[in-house]
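Since the structure comes first, as structure tokens, the remarks are kept for the end.
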4 protein chains.
Amino acid sequence: MNPIAFPAGKPIDFAAIGRLCIDLNANEINRPMEETMTFTKYVGGSPANITIGMARLGMKTSFIGKIADDQMGRFIIHYLDKNGIDASGVVTDRTGAVTGLAFTEIKSPTDCSILMYRDNAADLLLTAAEVSEEIIAGTKVLLISGTALAQSPSREAVFQSLQYARKHGAVIAFDLDYRPYTWVSPEETAVYYNLAAEWCDIILGTREEFDMMERFEHNPERSDQVTAAKWFNHAAGIVIIKHGKEGSIAYTPDGASHRAESYPAKVVKTFGAGDSYAAGFLYGIMQGWDIKRSMSFGSAAASIVISSHSCSDAMPGADQVQDYILRCERGEITAS
Amino acid sequence: MNPIAFPAGKPIDFAAIGRLCIDLNANEINRPMEETMTFTKYVGGSPANITIGMARLGMKTSFIGKIADDQMGRFIIHYLDKNGIDASGVVTDRTGAVTGLAFTEIKSPTDCSILMYRDNAADLLLTAAEVSEEIIAGTKVLLISGTALAQSPSREAVFQSLQYARKHGAVIAFDLDYRPYTWVSPEETAVYYNLAAEWCDIILGTREEFDMMERFEHNPERSDQVTAAKWFNHAAGIVIIKHGKEGSIAYTPDGASHRAESYPAKVVKTFGAGDSYAAGFLYGIMQGWDIKRSMSFGSAAASIVISSHSCSDAMPGADQVQDYILRCERGEITAS
Amino acid sequence: MNPIAFPAGKPIDFAAIGRLCIDLNANEINRPMEETMTFTKYVGGSPANITIGMARLGMKTSFIGKIADDQMGRFIIHYLDKNGIDASGVVTDRTGAVTGLAFTEIKSPTDCSILMYRDNAADLLLTAAEVSEEIIAGTKVLLISGTALAQSPSREAVFQSLQYARKHGAVIAFDLDYRPYTWVSPEETAVYYNLAAEWCDIILGTREEFDMMERFEHNPERSDQVTAAKWFNHAAGIVIIKHGKEGSIAYTPDGASHRAESYPAKVVKTFGAGDSYAAGFLYGIMQGWDIKRSMSFGSAAASIVISSHSCSDAMPGADQVQDYILRCERGEITAS
Amino acid sequence: MNPIAFPAGKPIDFAAIGRLCIDLNANEINRPMEETMTFTKYVGGSPANITIGMARLGMKTSFIGKIADDQMGRFIIHYLDKNGIDASGVVTDRTGAVTGLAFTEIKSPTDCSILMYRDNAADLLLTAAEVSEEIIAGTKVLLISGTALAQSPSREAVFQSLQYARKHGAVIAFDLDYRPYTWVSPEETAVYYNLAAEWCDIILGTREEFDMMERFEHNPERSDQVTAAKWFNHAAGIVIIKHGKEGSIAYTPDGASHRAESYPAKVVKTFGAGDSYAAGFLYGIMQGWDIKRSMSFGSAAASIVISSHSCSDAMPGADQVQDYILRCERGEITAS
């Protein structure tokens, strides 16, 4: 059974708040970045990727964020427009901030890393006063991303968005997305992640991210059950804990745990797996599917993205995911 | 009836977290500071003053904070010791931060101002990891002060102290104590004040402070009832809203409102009135007195402090407050 | 006559101090950056470009600077090595600083702009203590670049390099290279540019850059003669003032002024013109050529670079420049 | 012979640029500050003290600096006015900066220390554009103080004042006044001190201060002769090196060295000795006295100040110094 009830009568299916940035993906892969010479530009950032994924799956989507007043910022807006994502909640910085960058390095399909430019990034300058209450009042789901909690004033903007979501009855999903380099200390991170997570209906993160959040608590065996139970005492209805290669487990307040099918892929790189999974899963439960089917759909979406060069631009449509599942079931796709 | 139930079997009556600083009070009063030549040094800071007030009233008290590694910091520790306040939760900064200063100017009993030194103040450097869970586990009441929310890492330390207080069942009192100069914007202030206030049993502030907290809400008539009702939907049992000369009103979840007696005073200055009132009021309700009697006791304590040169050092004992009330009732004390 | 005497018996011909960064040049040209999708990576930064230019011209070169501890930094070191530039004076940052970036946009051959990433750039973190006295003691020429004066501690590193150059008798060339976005104010810029320029033998800049330096002085007609005379009262032997399309003029203490030939080019973009000119000119006077011939050689080198996609990588060898001059003289190259 | 020629026909004898702050001197002396309860407020800051000293000695004086827009700032202006010091060159900060503070602790006459408040101090916010060229054009002597070089934009203001002084022929005196806590590193300090000192006619400092300036040089025996000779290669005519209890030595370009008489004093504290010495010495050489007599006059002024509670307010008049010398010569004053 699906423990999340989505509000009816809202014009927007899915809105996200947070990071909009640029991925610069090395065109020459399977080598260190010292030896790559050209890069291709894509829209990036975890909440942006998930929103693009939801748009591709046919949902009505909206974004709340802040872009730099430069060519990169305008490129992002054009891309959102082109994908049918409402960008009326994206404001433009006027202080000379820049667009965050992520240069990706693909040494091998399983040895990928990112070189980040996050100093003076426009997305972290979104203020609480710039958050559109109207968008949040009109959406069924609000997704927040942990990175947007990393610095003021973006941190306050996220908390204000949670106030609006609670006031207007939006389901809140929290993609932990913990990036240590934007934070002062793990203690600071733990404090704000815990404050935010109390209000959230769906929480998705890795075991390591939940460990970080339990820094001031006692869970010495790193038990998923202990972790999930904590959040069911607050607002949560689904807690998904990702265990890397061992797969993800979804916990529900009834004590059940759920595991997804996984699908083979000809892996190009691992980037984007989590974002496409999140989009696929959220899409599924919004369709009224059970948790297991939603997770499988997310897994298939992830397999498609990791077989491609980009994250955002490779986000599949629903037919494409269904087709991928069928082809896997027919044995037409096997692991690389 | 008293809507707050205090936990039994705790070794500490009252602990506070936040600002410890130095007041430098002009000795030559009733003139602008340009013309004052000498100053007397006292321990200051709203939560420090309230804790000193509680200690003078005979409560077992403890403080959680951070001091500079200098003569001012050591003076503060000596003063806490001398007043029987447990300072085991006060850590010493090692980064070269300074002790916050407040130079007071008393142009007339009703025209007082403060010149603050708050740059690089040690008290705002308390971290979440430095907050003693043991002290909070052992106290009946934890008092937080809004100023400690103004900057990181002190902001995180306060939120962590709230986590511990909730976990261990301490009653939480929130003295709003809003000082605009330490904040980036009113929006930022509103976000964190609202986050913290949700967890608090007793909230004390001026009408203007509550207005600031309602910046993202709709209370156009600045109604106390609207304000109080909001917090009764969360943890609050008492909300006290101060209306300056028109006096303070305490609201309770049963819909009642309560006003205190006020007592005459030969006013020297207005500083310290709020802190002594808070100490007196909290002392009263911890004795099991009803709200009205507790408020009156707080008012009498305030009248004593504003008749004196200092804030902290003038905090009265319980007998002194009782005696003041009796003398007022006998007409022996009249307003200046 | 050449007013500069170069010291003999030094193992290095040319050393530069300052910015080492990455250019990301749009592959799709003649359109706004919003519409470009791929970028090619080159080493960049004015003093880096000039040094690469000098190395290509056959000079023994060395660089003093600071790189990020990342793939971009290592790419820069590899490129210097590959071009025979001694990088023993390039230290690696350990604070998490990044490599400065310059995204170039070529809307048309004459409408080019740059999107800079200069926040937390490693090159500006070079300290005075990290400047190699040994390299400066061993070089005939030290080139400093104005951008390195923009922030501490790089500013101090440049002044210390000037102390060493004066002590050991190196000829000092100053490429003004004023980039307003890295400076707090034009007044700040003027102060440090003037301090540095007093010690310099050769000063190259645009009329606008010299105007900025005369902010606290009186030169209402923006007279080149007034400007040059000021520096001849200090250490300067050559002052080159660039007047955009009207060409450059070199002034010497004997009262003479010198203009160069200019050469046609099939212009791709204007970036890199100044750096290749500087390399060509300095090479010429180090060969003992007269000023006019040196300027012409610089102009031809510039024409080659602006006909190419990159700045650094297009720096020509001496034969290539001579050949270009001959072909222009034969009418084989005409303007685009 | 006096190696300094002062310009004639200037309306101001002496102008200083730099720090204006507040001393808060403990009234209860011979104990640690933890035990002092009251403080008396004085104008302070080394260049301010020297200027007050010059004014008391009958010189026409002017000050260039920046004060906070608060009661402390206004107190400083009133005090300058009262002492006949032209404050037309003192601008008022509008950014919310504070007045620097120095709490003095006198544990014993020879064990004195200072607790400084220098964060966000207004004096360090003076900009190059705010420096009055008119005042510097009209003064015989400009005194700069090393502390004003510690941070931007005050650092630029000092360098701009040096440009004006050189342009208009003012004699420049440099009081090294090195306070490590306002500097990022000793390397940074050395770079700017050396840049400034090149332009100065008179340099006064302790052996330790000159050692700091020689951080990048070779003077292993810490020889005064080596130090002085370096500056005589630039603009200096007098270099005074203070050796603590062993006294001060003045060096001149003719190879001579000069030592002063010292005078007994009933020492209250050591603060202010250097400032009163500087004022007395500069007064003497401006009278045309020889170096030895000028140094003795400075020593006597210093003995008067260290016998008093304040620094600035105790600065003596010329008759008072002469009288002190006579009384010492008659044996009427002996050391405490």
Short to long, in 10 Å steps from zero, the percent of alpha-carbon pairs of the stretch C:1-120 per bin is 13, 37, 29, 17, 4, 0
Two pseudo-spin positions, 7 Å from Cα along C-beta at C:A229 and at D:R222, lie apart in nanometres by 4.9 nm
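Enumerate by residue number the GluC sites (Glu not before Pro) in the stretch D:1-78 meeting two conditions: DSSP loop (anything except H, G, I, E, B), and at most 14 other Cβ atoms within 10 Å of the site's Cβ.
Values: sites: D:E28, D:E34, D:E35; in loops: D:E28.
Filter output for the stretch D:1-78: D:E28.
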Per the stretch B:50-178, sqrt(5λ) over the Cα gyration tensor eigenvalues, sorted largest first, in Å, gives 24, 18, 16
Looks like the protein assembly as shown, by Cα gyration tensor root eigenvalues a ≥ b ≥ c and the a/c under 1.5 rounded cutoff (else prolate when a/b is bigger than b/c, oblate otherwise), is oblate
Interchain or sequence-distant (5+) residues whose placed amide H lies within less than 5 Å of the amide H of A:I172 are A:L142, A:D201, A:I202
Cα extents of the stretch B:269-336 per principal axis, largest first, Å, are 32, 27, 17
The equivalent-ellipsoid semi-axes of the stretch A:219-288, taken as the square roots of five times the Cα gyration tensor eigenvalues and listed largest first in whole Å, are 24, 16, 10
Given backbone amide H placed at 1.01 Å from N, residues whose amide H is under 5 Å from that of D:D86, ignoring those fewer than 5 places away on the same chain, are D:T61, D:S62, D:F63
Any residue on another chain or 5+ positions along whose placed amide H is under 5 Å from the amide H of C:S248 is listed here as C:H243, C:A260
Along the stretch B:209-225, Karplus-curve 3J(HN,Hα) (6.51, -1.76, 1.60; θ = phi - 60°) to the nearest Hz, with x for Gly and Pro, reads 5, 5, 4, 4, 5, 9, 4, 9, 10, 10, 9, x, 8, 6, 6, 4, 5
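Between B:Q322 and C:E28, what FRET efficiency follows from the Cβ-Cβ distance if R0 is 56 Å, with the result rounded to 0.05? Mind dumping the intermediate values first?
Values: r = 85 Å, r/R0 = 1.51.
Here the calculated transfer efficiency is 0.10.
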Subtracting the Cα-Cα distance of B:A129 and B:M37 from 0.36 nm times their residue separation yields 28.9 nm
Distance in nm between A:K107 and B:H78 label points, each 7 Å along Cα→Cβ, equals 5.9 nm
Residue-ordered couplings for the stretch A:124-129, obtained by feeding phi - 60° into the Karplus form 6.51 cos²θ - 1.76 cosθ + 1.60 and rounding to whole Hz (Gly and Pro as x), are 7, 9, 4, 9, 4, 5
For the stretch D:227-336 the GluC sites (Glu not before Pro) that pass both the DSSP coil test and the at-most-11 other-Cβ-within-10 Å test are D:E332
Note to self, the protein assembly as shown gives a 222 nm [θ] from helices alone (DSSP H runs n ≥ 4, -39500 (n - 2.57) apiece, / all residues, nearest 500) of -10500 deg cm²/dmol
Computed for the protein assembly as shown: size of charge dipole around the Cα centre, +1 on C-beta of each Lys and Arg, -1 on C-beta of each Asp and Glu, debye to nearest 20, value 0 debye
Of C:P264, C:P186, C:P220, the most mobile residue in a GNM of chain C (C-alpha springs, cutoff 10 Å) is C:P220
Percent of all alpha-carbon pairs of the stretch C:210-336 at distances over 26 Å, whole number, is 26 percent
Applied in sequence order to the stretch D:295-305, the curve 6.51 cos²θ - 1.76 cosθ + 1.60 (Karplus, θ = phi - 60°) yields integer Hz couplings, x standing for Gly and Pro, of 5, 5, 4, x, 5, 5, 4, 5, 4, 5, 5
Violations at 29 Å Cα threshold for listed pairs D:K107/D:K140; D:K60/D:K167; C:K60/C:K230; A:K266/C:K82; B:K82/B:K242 -> D:K107/D:K140; C:K60/C:K230; A:K266/C:K82; B:K82/B:K242
Connecting every pair of Cα atoms under 10 Å apart in chain B and solving the GNM, the largest mean-square fluctuation among B:S312, B:S294, B:S88 falls on B:S88
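If you take each beta carbon of peptide D:69-79 and count the beta carbons of other chains within 10 angstrom, what is the mean? Don't skip to the end; give the middle numbers.
Details: counts 0, 7, 10, 4, 1, 4, 6, 1, 1, 2, 1.
Average neighbour count from other chains, rounded to a whole number: 3.
Name the shape class, rounded, prolate or oblate, that the alpha-carbon gyration tensor gives for chain D, where a ≥ b ≥ c are the square roots of its eigenvalues, rounded holds for a/c under 1.5, and otherwise prolate holds if a/b is larger than b/c and oblate otherwise. Working shown, then result.
Details: a/c = 1.26, a/b = 1.02, b/c = 1.23.
Note, shape of chain D comes out rounded.
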So the pair-distance distribution of the stretch B:143-261, from every Cα-Cα distance in 10 Å bins, comes to percents of 13, 47, 33, 6
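Within the stretch D:1-106, which trypsin sites (Lys or Arg not before Pro) sit in a loop by DSSP and count at most 12 neighbouring Cβ atoms inside 10 Å? Numbers along the way, then the final one.
Numbers: sites: D:R19, D:K41, D:R56, D:K60, D:K66, D:R74, D:K82, D:R94; in loops: D:R19, D:K60, D:R94.
Here the trypsin sites (Lys or Arg not before Pro) that fit, given the DSSP loop and packing criteria, are D:R94.
Net charge near B:R327: determine it from the other residues with C-beta under 14 Å of the C-beta of B:R327, scoring Lys and Arg +1 and Asp and Glu -1.
Its environment carries a net charge of -3.
A short reminder: the numbers here are calculations on the coordinates, not readings from a lab. Predicted, not measured: the structure shown is a model, and the values here were computed from it. Cβ: placed from backbone, ideal geometry, glycine included. Neighbour counts: every protein chain shown.
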